[in-house]
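Structure first, then comments.
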Amino acid sequence: MQGDRAHGTAYPGRLADRGRPCADLDRPHGSRRRRPSVNKQLVAELTRCEYIDQRENILLVGNPGTGKSHLATALAAEACARGYKVRFYRATELVTTLIEARDERSFLRLKTQLAKLDLLLLDELGYVPASKVGAELLFDVISTAYERTSMIVTTNLPFESWTEVLGSERLTGATLDRLTHRCRIIETKGESYRLRDAKTRNRPRPNPNATLTLPTSTNDRIFGEDNNQAD
């Protein structure tokens, strides 16, 4: 991603590679198994990036470790490869950036920069509650993007729990109204691939050269019982 194709992006190199096959978008990084809960037909459709031209959003909802960030970042990287202007933020980083910009009286300039994007990726919404000011500034950005800039949002929270992040029900309702109006929702389910990989790594491996040796007293007891039965 070079030139105008990457405006302040922060993708890990392994996901920014244009040579990464789009068929792997539904497979979490490091996982050897595809995640069957992901709608593969929908994912394949999204790689064409028509949702960006139509100013639609994508919401990825699921438990931690089920591939949301991997899928979102891969879709964003595909958009970069096709020439769209994309920027990546973790939710907490964007809120912090917005607060700092407001304090430095550069909020309007930052909001103008974000408004020029074709796609804004907001990752990990829901892990850390935002302050009242932070939630209001975040809503301002989402409201400005509504029907102008596509957004990809990943979250571990069901919609009814978003008040835990944004605070008031009024602000949460207004935010969801704008995000879900023209939206594709993808649910990722299953066990965390990180947890599954950890279990695999920590599982004892059988020793092919190991032999089972019974204690002498046990041997004597077994053979003694066999001899008594023989008598």
May I ask you to list pairs of residues, at least six apart or on different chains, whose Cβ atoms are under 7 Å apart, with the first in region 68-79 being in contact (Cβ under 8 Å) with a residue 40 or more places away in the chain and the second being assigned to a helix (DSSP H, G or I) and small (G, A, S)? A77/A16
Residue that is modelled with the lowest pLDDT, among those in region 70-102 that are within 20 Å of V38 (Cβ to Cβ) and of a type outside the set (A, V, I, L, M): H70
The number of residues in region 97-129 that are assigned to a loop (DSSP other than H, G, I, E, B) and either among the aromatic types (F, W, Y) or surrounded by 18 or more Cβ atoms within 10 Å (Cβ to Cβ) (or both) is 4
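For every residue, the table says whether it meets (1) modelled with pLDDT under 85; (2) of a type in the set (S, T, Y).
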position: H29; (1), (2): yes, no
position: T47; (1), (2): no, yes
position: I52; (1), (2): no, no
position: T66; (1), (2): no, yes
Restricted to region 155-185, and to residues that are under 19 Å from N39 (Cβ atoms) and β-branched (V, I, T), which residue is nearest to the chain's Cα centre (by Cα)? T155
Residues of region 141-186 being in contact (Cβ under 8 Å) with a residue 40 or more places away in the chain, surrounded by 14 or more Cβ atoms within 10 Å (Cβ to Cβ) and either touching a Cys at 6+ places or on another chain (Cβ under 7 Å) or charged (D, E, K, R) (or both), in sequence order, are R182, R184
So, in region 82-96, how many residues would count as being touching a residue at least 12 places away in the same chain (Cβ under 8 Å) and surrounded by fewer than 18 Cβ atoms within 10 Å (Cβ to Cβ)? 4
Looking at L137, is it in a helix (DSSP H, G or I) and surrounded by 17 or more Cβ atoms within 10 Å (Cβ to Cβ)? yes
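The values are calculated or read from the model by the stated rules, or taken from the named source; none is laboratory data. Small disclaimer: the values here were computed from a predicted structure and weren't measured. Neighbour counts run over all protein chains shown; Cβ positions are idealised from the backbone, glycine included.
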